[in-house]
Structures are given as C-alpha cells and as structure tokens.
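Single-structure report; data block below.
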Amino acid sequence: MKNETLTNKELQIMDILWNLPAQTGTVNDIFDRMPEPKPAYTTVGTFLNILCRKGFVKSKRKNGTPMFLFEPRISRREYTVREMSHLKDKLFGGSLASLVSFFVESEETTESDIAELVELVNHLK
C-alpha cells in the first residue's frame, strides 16, 4: 500500500466504507450505496478484492456465514495526508507555500477565505 494510489472507482468504494456507521460492510452494503448508474454487483466485489490486494481494505467472514465483511485499513485522513504530501512533493517541489499559493491564486479566493487561512496559521503557531 505504501506507494499505491486509488483509482476514482476505488476511491468511491473507500468513501462508502469510510461513511458506513461501523466502517465495515458487505458487498451488498456497498452496492446499495453506489450512485446510479450502478456498476454490476460482481464489479463491486472485484473492486473490493483489488482494494484488499492493494492493502487498503481487509476482509473477514461475517459470523460464520459465507458473506465477507470489508473494513478500511487506512482512514480517510491518513489517505488524504499521504496523497496531499505526494502532490506537494510531485508538483510543488515539496513547498507547502507553493501549494497554498497555487490554490489562492487559481481559485476565486475571497477576503474571508484569506482571513480564515491567516487565522488558521496563527492558531497553529
């Protein structure tokens, strides 16, 4: 999992898992929460197996039944931190200031947004 990145469909499934009440679910649980148009049921199972192989998800039998429960092995925050750090290193030479500057300059940033960023930085000092 160290250098693995999630595809859009894998991230969609991880998002569903992260949002399940116990962060654990069956293929049915995940399939039921997929947006329309839903992929085939077997496709969801295939993606879960890929996520297990990549190390993002673990599976176990559900109380002696033939069904499996799937659970994230990485939190949304851990994945976000890892991906943002990779993005910062890859596209901004490791510079946090360059990353933040890019978004401030390329987005429609309001004075309120800037004030919020300044407050956040001051709070972290």
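So for the stretch 31-42 (the condition being part of a helix (DSSP H, G or I) and open to solvent by less than 50 Å² (accessible area, probe 1.4 Å)), does at least one residue qualify? The answer is yes; a qualifying residue exists.
Residue check: Leu91 meets all listed conditions (1) open to solvent by 100 Å² or more (accessible area, probe 1.4 Å); (2) of a type in the set (A, V, I, L, M); (3) not in a helix (DSSP H, G or I) but one, namely (3).
The test for being at pLDDT below 95, of a type in the set (Asp, Glu), within 18 Å of the chain's Cα centre (by Cα) and at negative phi does not hold for Glu10.
Every residue, every condition in (1) open to solvent by 70 Å² or more (accessible area, probe 1.4 Å); (2) under 24 Å from Thr7 (Cβ atoms), yes or no:
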| site | (1), (2) |
| --- | --- |
| Gly25 | no, yes |
| Thr46 | yes, yes |
| Gly55 | no, yes |
| Phe68 | yes, yes |
| Ile74 | no, yes |
| Tyr79 | no, yes |
| Leu96 | yes, no |
| Ser106 | no, no |
| Thr110 | no, no |
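Please tell me if Lys60 is touching a Phe, Trp or Tyr at 6+ places or on another chain (Cβ under 8 Å), surrounded by fewer than 12 Cβ atoms within 10 Å (Cβ to Cβ), modelled with pLDDT under 95 and not β-branched (Val, Ile, Thr). The answer is yes for Lys60.
The values are calculated or read from the model by the stated rules, or taken from the named source; none is laboratory data. The structure displayed is predicted, hence computed values, not measured ones. We place every Cβ from the backbone using ideal geometry, glycine too, and count neighbours over all the protein chains shown. Accessible surface is based on the protein model in full, side chains and every heavy atom, while ligands, DNA and RNA are left aside. Shrake-Rupley method; radii C 1.70, N 1.55, O 1.52, S 1.80 Å.
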